[in-house]
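These notes are about the structure you will find just below.
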Amino acid sequence: MSNAQEKRYWIAFNLVKGIGAVRFRRLLNQFETLEAAWHAPLSALQKAGLGEKHLENLLLIRSQIDLDRYWENLQAKGIQVITWLDETYPRLLKEIDQSPPVLYVRGGLVELDEIAVAVVGTRRVTKYGRQIAEEIAAGLAQNGVTVVSGLARGVDAIAHQAALDAGGRTIAVLGSGVDRIYPPEHRRLAEQILAQGALISDYPLGTQPDATNFPPRNRIISGLSLAVVVVEAGDKSGALITAAFAAEQGRDVFAVPGNIHAPQSLGANRLIQKGAFPYLGIPDLLETLNVTVRLQQSSARQVLPADANEARLLQQLSMQPIHVDELSRLCQMPVAQVSSTLAMLELKGLAKSVGGMSYVLAREQGEQYAA
């Protein structure tokens with residue numbers, strides 16, 4: 001069975017109201033493939049944790065959908081479907097609890113989109129807020145950082161446009177299907193984003209914007225990002241929801257200090273009071289996020305493929321420190337060659353020096369390479 005064939009069934013379950021990340025996982029554990037789950041008897045689906053209402057919704061979708069036609073429609077519109085099983089699923093987003101099982105993507109995602117910062121804020125932006133939002137988005141884009149936001153009026157749209165104008169990449173996460181641009185006056189902006197980034201949603205095609213869709217959308221915005229910067233936000237702004245999700249996900253939160261008498265700055269100032277980093281300029285933001293090193297590592301992974309020497313060293317590295325001399329003995333390589341190869345592995349983020357000429361696997365690579 002081809003990956004495209006199995007994806008039809010991921011899409012099918014994504015269409016069933018009430019089946020999210022938790023139940024997707026239960027179905028996969030029970031049936032191994034979603035094709036098997038789709039054709040399973042109701043009794044087996046109940047054992048996988050689907051309740052009466054979920055089964056009713058499933059039966060309704062089963063009776064209505066032509067999966068092949070739905071897939072052909074996606075292909076005709078140039079919409080990619082990315083699932084948990086795909087290598088192209090955004091790494092940062094996959095790290096969060098209950099990451100969305102299915103993503104619909106227009107445009108394109110690239111590896112460097114892992115180095116992304118969300119810029120969010122109020123729809124009723126002030127002149128000051130506009131100036132700072134443009135400064136942040138342009139500064140990030142000029143330094144190779146992808147700008148993530150929600151295509152909403154105000155700060156979101158300003159951030160997207162500033163990133164584009166600076167020649168950078170930007171990702172818009174929608175609270176509707178990727179074929180339903182909201183607000184409608186941002187259709188031209190959305191088309192521009194397709195050339196330098198992507199539109200993303202976990203909602204099926206045709207889903208209309210609804211107030212209940214936006215908090216989950218905000219969770220994806222923060223999940224795709226190393227950090228969230230709140231430019232201006234009122235006391236009950238959706239940007240504060242995004243900041244809360246970021247904190248839960250272990251991402252950094254920055255807020256732009258504002259006029260204490262301005263309602264648009266009330267939320268941002270309170271974030272700082274509660275421990276968010278005050279935004280003090282692009283250099284400070286880049287330094288806090290260690291962006292230069294992240295970009296070097298990402299670029300190195302793309303242009304410096306592992307050779308035989310790197311592979312030999314990686315087989316000997318673990319989470320326990322090992323000295324260069326010992327690596328030289330085990331790999332039967334000169335110390336100078338071991339040192340130069342380790343330098344490349346460090347640049348790629350695969351190895352890490354712990355001092356005293358000893359090295360370990362980088363933490364995120366431990367499971368993949370440990371012997």
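The values are calculated or read from the model by the stated rules, or taken from the named source; none is laboratory data. Note that the structure is a prediction, hence the values are computed from the model and not measured. Cβ coordinates were reconstructed from backbone atoms using ideal geometry, including for glycine residues, and neighbour counts include every protein chain displayed.
Selection over region 245-296 of residues that are in contact with a strand residue (DSSP E or B) (Cβ under 9 Å, 6 or more places away or on another chain) and on the phi > 0 side of the Ramachandran plot gives a count of 1.
Find the helices (runs of 4 or more DSSP H) located wholly in region 1-87 whose residues include 2 or more that are basic (K, R) and surrounded by 14 or more Cβ atoms within 10 Å (Cβ to Cβ), and list them. Please lay out each step first, then the result.
On the way: elements: 3-14, 21-31, 34-38, 42-47, 52-64, 67-76.
By residue number, 3-14, 21-31.
Restricting region 245-295 to residues that are over 17 Å from N218 (Cα atoms) and aromatic (F, W, Y), which is surrounded by the fewest Cβ atoms within 10 Å (Cβ to Cβ)?
Of all residues in region 245-295, those over 17 Å from N218 (Cα atoms) come to 256-266, 269-270, 272-295.
Narrowing further to those that are aromatic (F, W, Y): 277, 279.
Details: F277: 17, Y279: 21.
Filtering first and then ranking leaves F277.
Suppose we keep only residues that are of a type in the set (S, T, Y) and closer than 15 Å to A311 by Cα within region 334-358. Which one would you say is modelled with the lowest pLDDT? Result: S340. Consider A133 carefully, then state whether it is assigned by TED's automatic domain parsing to the domain that holds L266, crowded, with 21+ Cβ neighbours inside 10 Å, in contact with a Leu (Cβ under 9 Å, 6 or more places away or on another chain) and not β-branched (V, I, T). Judged against the criteria, A133 is not a match.
Criterion applied to V81, V22, V119 was being among the β-branched types (V, I, T), within 28 Å of A244 (Cβ to Cβ) and touching a helix residue (DSSP H, G or I) at 6+ places or on another chain (Cβ under 6 Å), and the one residue passing it is V119.
Applying the condition of being touching a residue at least 12 places away in the same chain (Cβ under 8 Å) and assigned to a loop (DSSP other than H, G, I, E, B) to region 237-256 and asking which residue is nearest to D156 (Cα to Cα) yields S237.
Only residues that are charged (D, E, K, R) and over 22 Å from A138 (Cα atoms) were counted across region 160-184, and they come to 2.
Considering only residues that are in contact with an Asp or Glu (Cβ under 7 Å, 6 or more places away or on another chain) and not small (G, A, S), look in region 105-122 and name the one that is surrounded by the most Cβ atoms within 10 Å (Cβ to Cβ).
V120
For region 257-279, which positions are polar (S, T, N, Q), out of contact with any Pro (no Cβ under 9 Å at 6 or more places or on another chain), in a helix (DSSP H, G or I) and over 14 Å from R123 (Cα atoms)?
Within region 257-279, just Q273 meets the criteria.
Residues of region 167-187 that are farther than 19 Å from A133 by Cβ and either in contact (Cβ under 8 Å) with a residue 40 or more places away in the chain or surrounded by fewer than 18 Cβ atoms within 10 Å (Cβ to Cβ) (or both): L174, G175, G177, V178, D179, R180, P184, R187.
Is it the case that region 61-68 has a residue that's in contact with a Leu (Cβ under 6 Å, 6 or more places away or on another chain), of a type in the set (A, V, I, L, M) and within 16 Å of Q196 (Cα to Cα)? No, there is no match, as no residue in region 61-68 is in contact with a Leu (Cβ under 6 Å, 6 or more places away or on another chain), of a type in the set (A, V, I, L, M) and within 16 Å of Q196 (Cα to Cα).
No other residue among L304, L317 is at pLDDT 85 or above and either touching a His at 6+ places or on another chain (Cβ under 6 Å) or of a type outside the set (D, E, K, R) (or both) apart from L317.
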